[in-house]
Amino acid sequence: MSSQWILKEEIDEILDCYDQANLKIATIGSHSALQISKGARDENFKSLAICSEAVSWFYEQFDFIDEVISVRNYKDILKKRFQEELIQDNCILIPHGSFVEYVGAEAILTKLKVPCFGNRITLEWESDREKEMSWFEEARIKVPKVFKKPEEIDRLAIVKFFGAKGGKGYFLVRNKDEFYEMKKFIKKANSYLIQEYVIGTRFYPHYFYSKILDRLELLGMDIRYESNVDALGRIPPRISRSLELRESYSITGNIPVVARESLLPKILEIGYNLLNASRKLFSFGIIGPFCIEMICTEHLELVCFEISSRIVAGTNFYMDGSPYSSLYFDEPMSCGRRICREINLALSSGRLKEVIF
Ligand code: ADP
């Protein structure tokens, strides 16, 4: 662990000063904040949404959100005064995709002293493509081939940019000539990854590792709805050819999906393998929600290409639970509520520090 990183012990000391009977669940007003705040209410916690000035009116409409604070810049969360206020208020922060993007994984690891649900070290591993690949390798999970240079491309490949781009501007090529033709769309040198494009159907399962119950749950599953690639099939080739449309994989929404039941043991096994590898690679491993983006080929082989080690926006479809969450719970259980339930379970067994970092 880098010496500049905030130590688990520091967060534990802060938690020691918390009034545990009055915890407040806080997050940034975006991504999955509605589900998290609603889950907080269902689990009898107060909630706080930290919003940009432009959207605070939207979050103020919902009476399950107890408090809305507006900020000019999300990085204001890192200011000493702001953090002190959150700590004073017994806040537990729930990092989600936009939270990590706006505040930054590095800043969360080095500057944010407010206790967060889960293991913040996972954010370092999910936001670095090379680390992510070594994580898959340690877990012995099948991944698409990576081409180190364009000259190596010998099949259909996808060119992806580093950093959380949400699929924007990613494109497909079949060989090095097509790559160099498309290179004008690459804005920064060496800021991309060329990966085998796997043909098959997508499944993005939502896992939840409960440290308190020591079980891995499958809470739901989605696929991303991506513009414009999901729209291209609606335009006949004779017209699309003349329009010279270029594909992009910009995420615009999520679609629910269930996998055939015979795939479920494999999907859960992949989750367990990733979880076990996380424990070997970094202290404590994954705690709470994570998602693995995978493609199922016609031979029913699952090939994985992306990890999100926090709540994903695809869970928003399941604010009232999913077909899978109903296998574990006899009540509506969203991923946001499941996080708050885990905090409750930890509180009642005196193990809060095990799920907070
Ligand atoms: P980001 O993490 O930047 O959002 P992803 O790695 O999730 O990017 O890729 C965005 C989209 O591109 C995926 O949802 C999927 O539709 C497509 N995609 C990415 N990698 C592959 C691949 N190796 N094979 C097939 N499709 C892929």
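The values are calculated or read from the model by the stated rules, or taken from the named source; none is laboratory data. As the structure is a prediction and not an experimental result, all values here were calculated from the model. Virtual Cβ from ideal backbone geometry, glycine too; neighbours counted across all protein chains shown. Surface areas here come from the heavy atoms of the whole protein model, side chains and all, with no ligands, DNA or RNA. Shrake-Rupley method; radii C 1.70, N 1.55, O 1.52, S 1.80 Å.
Look at (1) closer than 25 Å to Glu298 by Cβ; (2) in contact with a helix residue (DSSP H, G or I) (Cβ under 8 Å, 6 or more places away or on another chain); (3) within 13 Å of the ligand (Cβ to nearest atom) and you find that Leu172 fails only one, number (2). Tallying residues that are within 16 Å of the ligand (Cβ to nearest atom), among the aliphatic types (A, V, I, L, M) and more than 19 Å from Gly169 (Cα to Cα) within the stretch 232-258 yields 2. Scanning the stretch 152-169 for residues that are away from the ligand (no atom under 11 Å from the Cβ) and open to solvent by less than 80 Å² (accessible area, probe 1.4 Å) returns Glu152, Ile153.
Here Val198, Val229 are screened, and the one residue that is of a type in the set (Val, Ile, Thr), within 30 Å of Tyr272 (Cβ to Cβ), within 16 Å of the ligand (Cβ to nearest atom) and surrounded by 15 or more Cβ atoms within 10 Å (Cβ to Cβ) is Val198.
It is to be established whether one or more residues within the stretch 152-165 are out of contact with any strand residue (DSSP E or B) (no Cβ under 7 Å at 6 or more places or on another chain) and over 24 Å from Tyr249 (Cα atoms). The answer is no, given that none of the residues of the stretch 152-165 is out of contact with any strand residue (DSSP E or B) (no Cβ under 7 Å at 6 or more places or on another chain) and over 24 Å from Tyr249 (Cα atoms).
The number of residues in the stretch 191-247 being more than 23 Å from the chain's Cα centre (by Cα) and not hydrophobic (A, V, I, L, M, F, W, C) comes to 11.
In summary, Asn273 fulfils each of the numbered conditions (1) within 16 Å of the ligand (Cβ to nearest atom); (2) surrounded by 15 or more Cβ atoms within 10 Å (Cβ to Cβ); (3) touching a residue at least 60 places away in the same chain (Cβ under 8 Å) with the single exception of condition (1).
The set of residues in the stretch 121-151 that are within 15 Å of the ligand (Cβ to nearest atom), free of Cβ contacts under 8 Å to residues at least 60 places away in the same chain and either surrounded by fewer than 16 Cβ atoms within 10 Å (Cβ to Cβ) or in a helix (DSSP H, G or I) (or both) comprises Asp128, Glu130, Lys131, Met133, Lys145, Val146.
Go through the stretch 313-341 residue by residue and tally those that are buried (at least 24 other Cβ atoms within 10 Å of the Cβ) and not polar (S, T, N, Q). Give the steps one after another, and end with the answer.
The first filter runs over the stretch 313-341 and keeps only residues buried (at least 24 other Cβ atoms within 10 Å of the Cβ), leaving 314-315, 318, 325, 333-340.
Remaining after also requiring not polar (S, T, N, Q): 314, 318, 333, 335-340.
Qualifying residue count, the stretch 313-341: 9.
Restricting the first member to the stretch 158-175 and to residues that are closer than 19 Å to His96 by Cα and not assigned by TED's automatic domain parsing to the domain that holds Tyr192, and the second to residues that are within 8 Å of the ligand (Cβ to nearest atom) and modelled with pLDDT of 95 or more, no beta-carbon pair is closer than 9 Å while six or more apart or on different chains. Which residue is farthest from the chain's Cα centre (by Cα), if the candidates are limited to the stretch 88-147 and must be more than 28 Å from Asn344 (Cα to Cα) and basic (Lys, Arg)? Restricting to residues being more than 28 Å from Asn344 (Cα to Cα) and basic (Lys, Arg), the top hit is Lys145. If you take the residues in the stretch 152-192 that are aliphatic (A, V, I, L, M) and not in a loop (DSSP other than H, G, I, E, B), which one is farthest from Phe282 (Cα to Cα)? Among them, the one singled out is Met182.
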